[in-house]
Structure formats: C-alpha cells, structure tokens
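Below: the structure, in structure tokens.
Each value in this text was obtained by applying a stated rule to the coordinates, not by laboratory testing. All values reported here derive from a predicted model rather than from experimental measurement. With ideal geometry, Cβ positions are generated from the backbone for all residues, glycine too; neighbour counts draw on all protein chains shown.
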C-alpha cells in the first residue's frame, strides 16, 4: 500500500478498510493502486462511511473531523465492493496494528494533491472510465450513490410537475370544516396539497400537529370509494407509534391497514437487503403512501421507495428535518425541504401547540441554533419540573436513581409474566447516549445498570437472557417478522422465559434463543431512539472532545420526552453542540433547486 495511504491512516482520516477496498477495486479495474485517483476513491469511500453521498474535494477541512470508529454514520458494505467483483474475503482489511494518531494540520503535510491536478487525474482515470466513480456538480460519487441520487431527483421533480387523478375537493373541504379540532392554515394547506399533488412534504417539530394532520389527510382522502392508503415508517418502533397515534382512523371497520415498516411495505427479500418485491415493474397498489419519521430514511431506501410508486400514487413524507440524519448515507428529507422550498410541495407547520411548555421552548431554541438561547431556555426551565440539567463532567448512575428504579419495576412486571404492563413500562423511561463505547456509551451504562440489578438478582451476572432484560432488535429478521428498532422484554412464563416484543403489528412472543440480533436497552443510542418517545428521558451529554457532539444529536434527544427531560453533562458541551450542525456532502438539493427553477 502506498506511503500516502499510511500517512492518512496515521492521521486518523482514512481507515485501513477505506484504503484496502480502494486499492482492491483499483487493481480489479486496472487503475494503478498508487494513483491520485485511487486516493480519491479511498476518500469517497470514507465520505459515505461518514454519511455523505459524495465527496467534496474543495472542502478538505471536513475530513479532519473523523467520527469515532464505533459510531460511523454510513457504512460502505461488501455490497459496494462486490459490484466490482470483490469477494467478502477480499474486502476484509488487514490489520496494521496500533499507531499513534496525529491530527493533521495542513493537507499538503500528508500528501494531498493540488486540487486542479487531482481533478485532472480523476477525470482521466480508469476508475471514472469504468464508472466506479462519477463526477458531477463538482462532487465525486461512488456509482451506486450517484445513481440513487439521480433517481430520487428525477422522480421527485416528475411528481412535483405531474397531474394525478382528482379526488372530490368538496369532500376534502367538508372533512376539514367538520374536524372536531380546527386545523390551522398550514395543516389545511397540507391536506389539500396531498389531495391535489403527487408529492407533498410535511415538516415541523414536536407538538406542531403533524400526527393530527396525517389523521385528517387519511379521513379526507378515504372518503373516495376504494381509495387505498398505506402507512409506513423506517423502523418497527416508529411504525408502532404511528399506529398508536392514528388509532382513531385505524378502526376494525376501516379499510386503512395499520402502519408497517418501509422494508415490509416494499416487500423485503431475505436473499437481498437492497432489492424489494415492489419496484418499477411491480409497483405498490396504493393511491397514497404516507411515510412518517422521514428524516430517518436513507438515500438508498428513498430511491427504492420512489421507484416502487406508480405514477398516479400520491406520496406524503412527514418528518422533522432538524433531527439527526439517517445512520446510512444521505440526508434526504433535509435536502428535499431545501431543494423544493419554492415549489409549493413543502408545507411547514409553525404553530407549537405546547408553546409555553419548557420542553417546547428548549426545542425551539435548538432549532434557532444559538448556544446562548439554548442555555437560557435551560436556565428558565430550572424552576419547573419538566427540564433539568445536572452539571458534571463525570456522569454516574447515582445521579439518576430513577434508572435503576425503572429497571427494577420492569423486572417485577416481567417476573409476574405481565406482558402488556412490562411493554408499557419500557416506554416510561429512556436513557440515551451518543456513543456505544467508552464512559459515555451505552455499553458502559448498560453494564452499570445490570451491576446494580445483580445485587437484587445474582443470576443477571451470569445469564444473557435474564427475566426483565429490555431488548432492542438491531437488524431486520425476515423469518421472525421482526424489524430493526422493535423493542421488548424477557418475561417469565410457565414454559420458561420468552421475549415479548412490540412489533409494528402488535406484541409478539419469541423464544429468546431464536433472537440473533438484539442488544440490551437499559441505555440506547440517540440514533436508535429516533422514532420513539418515553415519559422520562435522560440524556448523557458527550464531552467536548466527542466527534459525535452536534446540534442535531441533542435536538433529537431533547425532543424524545413526553413529560420530563434530564440532561447530564456540562454547559460547555451543550453550547458546543448547538454551534456544531452536522454537514453532509450531497448534490440532491442542487439538483432539485436547479431543475425546479428551470421547470417553473
């Protein structure tokens, strides 16, 4: 491997995996492994790993801010490499051992080519000629992400300009007029937009009436005989919350089926995690598809959703673009909102129905993005009971005794075999961390809680599937019908312990030993908490030097509680987070804004 790769590895900018995959692909297509184009490929792979869909060569300063390895955003899987003929064995990188990490100061100190010469090398490379990499709008893409971005832009723009089969406007207006709770102007606009347009994007923060607007949309359009509506969300937990919130329109006599995950809606295939039964050749049979928590939808999943829609199918995307970006590459909802701002397809809800609530004021301060404003909101809330900051540089379990109390109550219900009460108890409290590892991570905090529980139940120290263990499904399991994000608890029954899991279609029971991809969730990451809420939420604020500290991270965390919020950390870390919005490179906003302007 080239010395320049080693320098960037030692600087903790590229990983061994980035370099290994890049050189293997280069070798396969005939590009010199030591070329500047191969170096660019390694950086493009890294960009996806960090959540971007493209590499912006003009912004190398962003490359310095490498995430902790255990918390990488996007994942460059064997799928990307296998498109170029690499096997899984070839993709596994060799270990170079440990080396002292030095953060780079000047790009040229580590062998970064001059920008114009670098672009020249890239454009004339075999990697571009063989379409391993794509160049467009001043960005460098891996082919897969370039194709998905183009597909999304084309589909969205076509829908924005499309004419669709009309519904009876008088019926829609009647539902709006007869609503028991009056709709504000933006909510009414959203309902009419869905009735009249092929694509509508509904945005707004917590407490702004997104769910009520969805209910009204469903009521209004289902007045048309035979009108078929599909409800979906990115995770099982988000789908379950959607069903709970929309209960009034999901009656036994309703033709509206309960919400499901996007994977289930599209028809996931056990043999292929990125291709689905429904696609352009076999589109979904619905007249309207509503996707909640759309901020969690990655570039790839959005592309698969759009290509599964018939030209006459309406699409309503609902979400909060200020929340964390998806775990995988892309920030599609935020790009769509910005790119379509002037098109009339985006409806922003701005009225906060919880205005005056300390949590609502704090969320508003985060959206405005001023550190002083956020800290002032925290201080103003100090006299109340809904928001609390425990200032410390060393968070510890004794600062939040309610965490152990919650775990003990959960265990008591599980020992009694009370499935419904145990699952309900899960949503009483959430302990959220930014990291998975380290003193501020979920692994540490789960261990701390289990250590305390072991004083009351020694078997917890020796049993993996102990009664009362809260579990989180971390990967879709097609055989069991489980989705990433489904949560449950191990309960005692006459036949032994079973896993009671709240799925999108209701509580289900499973043998604990059939669950291959689950983790303990006394504590969980903020990312995994997206799409769910709890009565009480405790947030472990990461330290100042955390690479995951961001405005979107804390905003997502502080908008999870329904009643009380406790933050443990320093004011300095909170201020730094507010001042550090996440940045991801993408060409989607540019494609939409440019083309939307040309079509108007």
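Got the relative contact order for segment 370-578 handy, in percent, Cα pairs under 8 Å and 6 or more residues apart?
Computed over segment 370-578, the figure is 28 percent.
Hey, what number do you get for the chain at 222 nm if only DSSP H runs of n ≥ 4 count, each worth -39500 (n - 2.57), divided across all residues, to the nearest 500?
-11000 deg cm²/dmol
May I have the extent of the alpha carbons of segment 155-237 along their three principal axes, as whole Å values ordered from largest to smallest?
33, 32, 24
Could you list, bin by bin from short to long, the percent of Cα-Cα pairs of the chain in 20 Å steps?
Reading upward from the zero bin: 19, 52, 28, 1.
What is the projected area of the convex hull of the Cα atoms of segment 156-308, averaged over all directions, in nm²?
9.6 nm²
Tell me, rounded to the nearest percent, the portion of alpha carbon pairs in segment 266-398 spaced more than 18 Å apart.
69 percent
Quick one: what does P(r) look like for segment 480-568 with 5 Å bins over all Cα pairs, in whole %?
Reading upward from the zero bin: 3, 11, 20, 19, 16, 12, 11, 6, 2, 1.
Fewest to most neighbouring Cβ within 10 Å: what's the order for 590, 527, 455?
Least to most surrounded, the residues fall as 455, 590, 527.
Report the label-to-label distance for residue 459 and residue 408 in nanometres (one decimal), using points 7 Å from each Cα along the Cα→Cβ vector.
Placing both labels 7 Å along Cα→Cβ, they lie 2.0 nm apart.
What are the extents of the Cα atoms of segment 443-489 along their three principal axes, listed from largest to smallest and rounded to whole Å?
That gives 37, 19, 13 Å along the principal axes, largest extent first.
By count of other Cβ within 10 Å, fewest leading, how are 210, 237, 368 ordered?
368, 210, 237
Give the span of segment 140-198's Cα atoms along each principal axis, as three whole-Å numbers ordered largest to smallest.
That works out to 51, 24, 13 Å along the principal axes.
Given C-alpha coordinates of segment 370-578, what is the ratio Rg to Rh with the Kirkwood estimate of Rh?
Ratio value, two decimals: 0.98.
Once you compute Rg and the Kirkwood Rh from C-alpha atoms, what is the Rg to Rh ratio for segment 332-375?
We get a ratio of 1.09 for segment 332-375.
If you rank 347, 4, 217 by fewest surrounding Cβ atoms within 10 Å, what's the result?
Ordered from fewest to most neighbouring Cβ atoms within 10 Å, 347, 4, 217 come out as 4, 347, 217.
Counting DSSP beta bridges in segment 455-600, what percent are antiparallel, to the nearest 5?
Of all bridge pairs located within segment 455-600, approximately 75 percent are antiparallel.
Rounded to the nearest 0.05, what FRET efficiency do residue 162 and residue 379 have when you use their Cβ-Cβ distance and R0 = 45 Å?
Plugging the Cβ-Cβ distance into 1/(1 + (r/R0)^6) gives 0.35.
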